[in-house]
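These notes are about the structure you will find just below.
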Amino acid sequence: MNASILKISGLHARVDSQEILRGIDLEVRSGEIHAVMGPNGSGKSTLAHVLMGRPGYEVTSGSVTLDGVELLSLAPFARAQAGLFLTFQYPIEVPGVPLAAALTESLIAAGRIEEAEPGPLAARLAEEAAELGISPEILARPMNVDLSGGEAKRNETLQLAIIRPRIAILDELDSGLDVDALGQVSRRIERATREGDPPLGVIAITHYRRLLAELPAQRVHVLSEGRIAASGGPELAAELERTGYVAYREEAAGAAGAALDDPDPSERGLGETFPGGL
Amino acid sequence: MQLPVSYTARVARSLGGPEWLVERRLGALDRFVASPAPLVDEDLWRYSRISELDLEQYVANETPACDVARVPAEVDAWPEAVALLGHLGERSGLAVVVDGVPVACELSPAAGAAGVVLASILGDSRGSEVLDRVTKLNSATGKEEHAPDAFDHLADALLRDALVLSVPARVHVDHPIVIVHVLGSSGAAGAAQAVSARTVIDVGEASEASVIELFVSGDGALVAVPIVDIDVGDAAVLSYNAIQQLGAGAWQLAHQRIRAGRDSTVRTFTASLGGEYARFRTESVLAGQGGSAELLAAYLGDATQMHDFRTLQEHAAPRTKSNLVFKGAVGGTARSVYSGLIRMRHGAKGADAFQTNRNLVLSDGAHADSVPNLDIEENDVRCSHASAVGQIDREQRFYLESRGVPPAVAERLILLGFFEDLWVRVATPGVRDHLAVAIAARLDRVTGGG
């Protein structure tokens with residue numbers, strides 16, 4: 001299949017009338033891994049939610065295209081069917097709905113009827129679950145119900161592996177994972193960026209450089225105050241580890257005025273991990 | 001109250017049967033006429049659509065019971081019955097009841113040899129006593145909640161026969177016993193009928209049985225008044241399922257009366273899917289110490305349907321336990337009412353009662369009312385209720401959509417998931433399978449997906 005390209009241009013978005021994204025520009029191609037890093041409240045998770053079309057997030061201007069198709073005018077399921085995937089930081093529990101049932105419907109909607117058959121799907125799930133260290137018992141549970149943080153992230157990666165999107169946004173995939181789980185999910189995603197058809201393009205939103213040790217990004221972007229304040233190679237992530245985000249935060253804050261609090265609860269409570277930066 | 005048109009003492013006599021049955025109809029006719037019409041400001045009728053019911057639009061069915069030879073065809077003609085029997089597999093008995101008249105009753109050789117009886121009540125000279133037993137036993141301990149309502153009298157005024165299932169003491173019935181009620185089918189074509197259907201289930205001491213009543217009708221106008229009286233003996237175990245899949249023109253006013261003895265276990269599951277207006281009044285009385293009841297219901301309404309549930313969990317003895325879980329969803333301009341009372345009688349020490357009613361409202365025009373109530377006369381009890389009316393969780397839908405699941409399909413999955421915790425509790429596996437399929441088929445209509 002042809003290589004894909006996701007183009008984000010001038011993306012502005014708000015939540016409850018508060019502007020969180022203030023002009024994001026980013027391009028991601030098949031096989032590329034882009035890291036988006038930033039302090040709490042910089043808009044990282046908002047970016048992930050806006051791209052997928054989560055209710056409650058309002059795009060005020062800008063454009064997001066995947067292979068020329070404007071995603072912002074599409075419903076979330078149509079974005080997914082166009083090839084976009086989001087691994088949730090906090091996957092939502094859907095009581096009574098088995099994982100296989102949701103994946104079956106997703107594959108049917110994509111016209112992948114043979115893969116949606118119970119036998120082949122179960123075989124694929126078992127294969128991927130083994131690679132990701134997911135026990136069969138977890139596959140039988142209702143979607144995300146009573147999963148530990150690590151189980152939930154493995155489960156998100158499992159779905160990515162079955163659905164085979166063109167572009168994946170990883171929202172803090174590394175949070176809540178131990179070293180082994182981080183290695184397993186990272187290796188699986190990295191393999192998709194090499195072997196997929198087309199290879200997977202990735203936007204890895206993260207607070208930590210440790211994800212990038214397992215999932216090597218070619219490009220690193222620093223998000224601050226709703227804008228990309230700096231972009232560079234892997235060396236940028238190493239520099240952030242030493243200096244923290246303080247320089248970017250002040251620079252952007254100087255331009256934008258008062259500091260922002262991202263209202264998304266998913267970004268709360270991580271500040272203590274960057275004492276130097278915040 | 002006004003009677004079905006043309007229903008008079010002459011008709012009450014002409015419906016046939018032994019003298020006690022004629023007398024019973026005549027007595028009920030008088031009581032019905034003397035009953036005040038139900039008012040929506042009474043607790044028992046609040047939020048209901050009872051004021052829309054005009055009985056003068058219906059006629060009592062005067063034709064004789066249908067021909068027994070027709071019965072296999074009668075069951076095969078109803079896809080719901082065929083589907084249910086298919087899901088159940090082996091069974092210990094099957095009765096077909098047309099407009100309240102048992103027209104075919106068969107038992108497995110094992111059940112027959114064990115002394116199980118599945119038969120018309122007409123041969124029983126003490127028929128009236130049998131019919132009244134549970135009512136009398138419950139009235140002895142109960143209060144005004146046990147008072148018959150006008151439709152109990154109407155049911156008796158229309159009564160032509162009743163089906164009795166009796167399981168002797170210390171008999172374990174291996175497989176489910178199925179009762180298929182075909183309603184409104186034996187009268188004159190095109191006439192809107194008023195019919196009653198009566199079942200008595202008597203499970204002897206330390207026996208075990210599983211019973212399924214299925215209610216079906218055509219799509220024509222119909223008022224059906226089905227009543228079941230269930231007596232669960234000491235240490236007996238009964239699983240009772242009522243599956244209402246009536247046609248679109250049916251009004252149903254059902255009454256389920258349950259009495260459970262010492263250390264007995266009764267599990268009921270009511271599924272209400274069909275009908276224009278479908279009411280279930282359910283009274284469960286835990287009369288002996290250590291008895292327990294699990295009362296489950298699932299309902300799904302669309303178009304202009306109304307599902308109406310009135311429940312009573314009465315604890316009249318120490319260390320009794322009851323757990324009620326009623327869950328439903330309404331779309332279109334459908335409505336549902338749940339009104340439930342837990343009554344802890346004085347002396348019910350150490351009793352436990354839970355009551356949960358959860359509703360999903362699927363459209364702007366749909367509406368659900370949920371009214372839980374407690375009445376506690378004893379200090380040493382545990383009681384709680386939970387009631388909720390909400391919409392499909394948009395975050396859950398978004399999550400499924402983010403996997404590429406179209407919105408209507410996502411809603412359908414969430415709705416099926418909403419009922420899932422009921423399915424795992426339903427004691428009879430075939431019923432679970434039947435309902436999962438029936439509800440899925442109906443959800444396609446409700447959500448427009450599938």
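Rounded to whole Hz and in sequence order, give me ³J(HN,Hα) for the range B:194-199 from the Karplus expression 6.51 cos²θ - 1.76 cosθ + 1.60, θ = phi - 60°, writing x for Gly and Pro.
Result, ordered by residue: 10, 9, 10, 8, 10, 10 Hz.
Rounded to the nearest 20 Debye, what is the dipole magnitude of the range B:263-334 about its Cα centre when Lys and Arg each give +1 and Asp and Glu each give -1 at the C-beta?
On the way: 7 positive and 7 negative charges, 34 e Å.
The dipole of the range B:263-334 has a size of about 160 debye.
Express the accessible area of the protein assembly as shown per residue in Å², computed with a 1.4 Å probe while the remaining protein chains stay in the model.
With all protein chains present, the protein assembly as shown gives 37 Å² per residue.
Just to compare against my own numbers: the Cα pair-distance distribution for the protein assembly as shown, 20 Å bins, whole % per bin, please.
Taking all Cα pairs of the protein assembly as shown, the binned fractions are 16, 39, 26, 16, 2 percent.
On a full-extension model of 0.36 nm per residue, what is the gain between A:SER17 and A:SER135, subtracting their alpha-carbon distance, rounded to one decimal in nm? Present the calculation step by step, with values, prior to reporting the outcome.
Values: separation 118, 0.36 × 118 = 42.48 nm, distance 4.32 nm.
Stretched out fully, the A:SER17 to A:SER135 stretch lengthens by 38.2 nm.
Compute a Gaussian network model of chain B, connecting alpha carbons closer than 10 Å, and tell me which residue from B:LEU415, B:LEU400, B:LEU29 fluctuates the most.
B:LEU400
If amide hydrogens are placed 1.01 Å from N in the peptide plane, which non-local residues have theirs closer than 5 Å to the one on B:ASP302?
B:GLY331
³J(HN,Hα) across the range B:366-372 via Karplus (A = 6.51, B = -1.76, C = 1.60, θ = phi - 60°), whole Hz, x for Gly/Pro?
Calculated HN-Hα couplings, in order: 8, 8, 10, 10, 9, 10, x Hz.
Once the convex hull of the C-alpha atoms of the range B:9-447 is built, how many Å³ does it hold per residue, rounded to a whole number?
Dividing the Cα hull volume of the range B:9-447 by its residues yields 135 Å³.
At what distance in angstrom do the alpha carbon centres of the range A:147-185 and the range A:54-128 lie from each other?
15
Return a whole-number percent for the relative contact order of the range B:9-447, with Cα pairs under 8 Å and 6 or more residues apart as the contact set.
Result for the range B:9-447 is 11 percent.
Sort A:VAL50, B:VAL59, B:VAL389 from largest to smallest accessible area, using a 1.4 Å probe on the heavy atoms of the protein chains. Don't jump to the answer; show the numbers that get you there.
Details: A:VAL50 5, B:VAL59 45, B:VAL389 75 Å².
Correct descending sequence by accessible area is B:VAL389, B:VAL59, A:VAL50.
Where the centroid of each part is defined by its Cα atoms, how far is the range B:325-352 from the range B:379-423 in Å?
Each part's Cα centre sits 19 Å from the other's.
Taking Cα pairs under 8 Å and at least six residues apart, what relative contact order does the range A:1-136 come out at, in percent? If you can, show how the numbers build up before the last one.
Values: 152 pairs, mean separation 27.0, N = 136.
With pairs under 8 Å counted, the relative contact order is 20 percent.
Between B:VAL437 and A:ILE113, what's the calculated FRET efficiency when r is the beta-carbon distance and R0 is 22 Å? Round to 0.05. It would help to have the intermediate numbers written out before the result.
Numbers: r = 21 Å, r/R0 = 0.97.
Step by step, r from the Cβ atoms, then E = 0.55.
Pop a pseudo-label 7 angstrom from the Cα along the beta-carbon direction at both A:ALA247 and B:SER139 and give the gap in nm to one decimal.
Placing both labels 7 Å along Cα→Cβ, they lie 9.1 nm apart.
Which of B:SER128, A:SER63, B:LEU238 sits closest to the plus end of the dipole of the protein assembly as shown, meaning its Cα is farthest towards the positive end, when Lys and Arg get +1 and Asp and Glu get -1 on the C-beta?
Value computed over the given set: B:SER128.
Within 10 Å of each Cβ in peptide A:25-38, how many partner chain Cβ atoms are there on average? Round it to a whole number, please. Walk me through the numbers before you get to the answer.
On the way: counts 0, 0, 0, 0, 0, 0, 0, 0, 0, 0, 0, 0, 0, 0.
Mean partner shielding for this stretch: 0.
Under a 10 Å cutoff between Cα atoms, tell me which one of B:LEU296, B:LEU39, B:LEU94 has the largest fluctuation in the Gaussian network model of chain B.
With Cα springs under 10 Å in chain B, the top fluctuation among B:LEU296, B:LEU39, B:LEU94 is at B:LEU39.
Mind checking which of A:GLY196, A:GLY119, A:GLY41 has the largest fluctuation in a GNM of chain A, springs on alpha carbons under 10 Å?
Judging by the Gaussian network model, the answer is A:GLY119.
Can you list residues from other chains, or at least 5 along the same chain, whose modelled amide H is less than 5 Å from the amide H of B:GLU294?
Result for B:GLU294 returns B:VAL266, B:ARG267, B:THR268, B:ASN323.
Can you list residues whose amide H is under 5 Å from B:ALA254's amide H, if they're 5+ apart or on another chain and H is modeled 1.01 Å from N?
B:ARG279, B:PHE280, B:ARG281
What FRET efficiency comes out for the pair B:ASP393/B:ASP43, r = Cβ-Cβ distance, R0 = 30 Å, nearest 0.05?
Details: r = 32 Å, r/R0 = 1.06.
In this case the efficiency is close to 0.40.
If you place +1 on the Cβ of every Lys and Arg, -1 on the Cβ of every Asp and Glu, and leave all else neutral, what size is the dipole of the protein assembly as shown about its Cα centre, to the nearest 20 Debye?
On the way: 65 positive and 97 negative charges, 27 e Å.
The dipole magnitude comes to about 140 debye.
Excluding B:GLY331 itself, what net charge comes from residues whose Cβ is under 12 Å from its Cβ, given Lys and Arg +1 and Asp and Glu -1? Show your work: numbers first, answer last.
Values: positive: B:ARG335, B:ARG412, B:ARG442, B:ARG445; negative: B:ASP302, B:ASP364, B:GLU411, B:ASP444.
Combined, the nearby Lys, Arg, Asp and Glu give 0.
Per residue of A:93-100, count partner chain C-beta atoms within 10 Å of its C-beta, then hand back the mean as an integer.
Values: counts 4, 10, 7, 12, 13, 4, 1, 0.
Taking the mean over all residues of the peptide, I get 6.
Using 0.36 nm per residue, how much length does the chain from A:ARG29 to A:ALA3 gain when fully extended, once their Cα-Cα distance is taken away?
On the way: separation 26, 0.36 × 26 = 9.36 nm, distance 0.72 nm.
Once the chain is fully extended between A:ARG29 and A:ALA3, it gains 8.6 nm.
Viscosity 1.002 mPa s, temperature 20 °C: what is the translational diffusion coefficient of the range A:5-273 from Stokes-Einstein with a Kirkwood Rh over Cα pairs, rounded to a whole number of µm²/s?
Here the translational diffusion coefficient equals 114 µm²/s.
Among A:ALA82, A:LEU158, A:GLY176, which residue has its Cα positioned farthest towards the positive end of the charge dipole of the range A:5-273, with +1 placed on the Cβ of Lys and Arg, -1 on the Cβ of Asp and Glu, and the dipole taken about the Cα centre?
About the Cα centre, the residue reaching furthest to the positive side is A:ALA82.
Please report, in debye to the nearest 20, how large the charge dipole of the range B:9-447 is about its Cα centre when each Lys and Arg carries +1 at its beta carbon and each Asp and Glu carries -1 there.
Working: 40 positive and 57 negative charges, 101 e Å.
The calculated dipole for the range B:9-447 is roughly 480 debye.
Normalised by the residues of the range A:5-273, what does the relative contact order come to in percent, with Cα pairs under 8 Å and at least six apart? Provide the component values of the computation, followed by the final result.
Values: 506 pairs, mean separation 76.1, N = 269.
Normalised by residue count, the contact order of the range A:5-273 is 28 percent.
B:SER125 versus B:ALA408, label points 7 Å from Cα toward the beta carbon: distance in nm?
A separation of 6.4 nm, rounded to one decimal place.
Picking from B:GLY249, B:CYS383, B:LEU21, whose Cα lies most toward the positive end of the charge dipole for chain B (charges on Cβ: Lys, Arg +1; Asp, Glu -1)?
Comparing the listed Cα positions along the dipole, B:CYS383 ranks first.
Which ³J(HN,Hα) values in Hz, rounded to whole numbers, follow from the phi angles of the range B:248-263 under the Karplus curve 6.51 cos²θ - 1.76 cosθ + 1.60, where θ = phi - 60° and Gly and Pro get x?
Couplings: 5, x, 8, 10, 10, 10, 9, 9, 10, 10, 10, 10, 10, x, 4, 6 Hz.
Could you work out what % of the accessible surface of chain B is carbon and sulfur, using a 1.4 angstrom probe and leaving DNA, RNA and ligands out of the count? The partial results should precede the final answer.
On the way: 8080 of 15730 Å².
After summing per-atom areas, the C and S share lands at 51 percent.
Along the Cα-to-Cβ line of A:TYR90, 7 Å from the Cα, sits a label point; which residues in the range A:146-180 have backbone N less than 13 Å from it?
Only A:149 pass the distance filter.
Please compute, for peptide A:69-81, the average count of beta-carbon atoms on other protein chains lying within 10 Å of each residue's beta-carbon.
Taking all residues of A:69-81 together, the mean is 4.
Would you check the protein assembly as shown for Lys pairs whose C-alpha atoms are within less than 27 Å, ignoring same-chain pairs closer than 8 in sequence, and give me the count? Don't jump to the answer; show the numbers that get you there.
Values: A:LYS7/A:LYS44; A:LYS7/A:LYS153; A:LYS44/A:LYS153; B:LYS136/B:LYS321; B:LYS136/B:LYS349; B:LYS143/B:LYS321; B:LYS143/B:LYS349; B:LYS321/B:LYS349.
The number of close lysine pairs in the protein assembly as shown is 8.
In Å² (nearest 100), what accessible area is buried between B and A, both sides summed, heavy protein atoms only, 1.4 Å probe?
In total, this chain pair buries about 2000 Å².
The values are calculated or read from the model by the stated rules, or taken from the named source; none is laboratory data. These numbers were taken from a predicted model, which means no experiment stands behind them. No Cβ is skipped: glycine too gets one built from the backbone with ideal geometry, and neighbour counts run over all protein chains shown. Heads up: the accessible areas ignore ligands, DNA and RNA and are worked out on the full protein's heavy atoms, side chains in. Shrake-Rupley method; radii C 1.70, N 1.55, O 1.52, S 1.80 Å.
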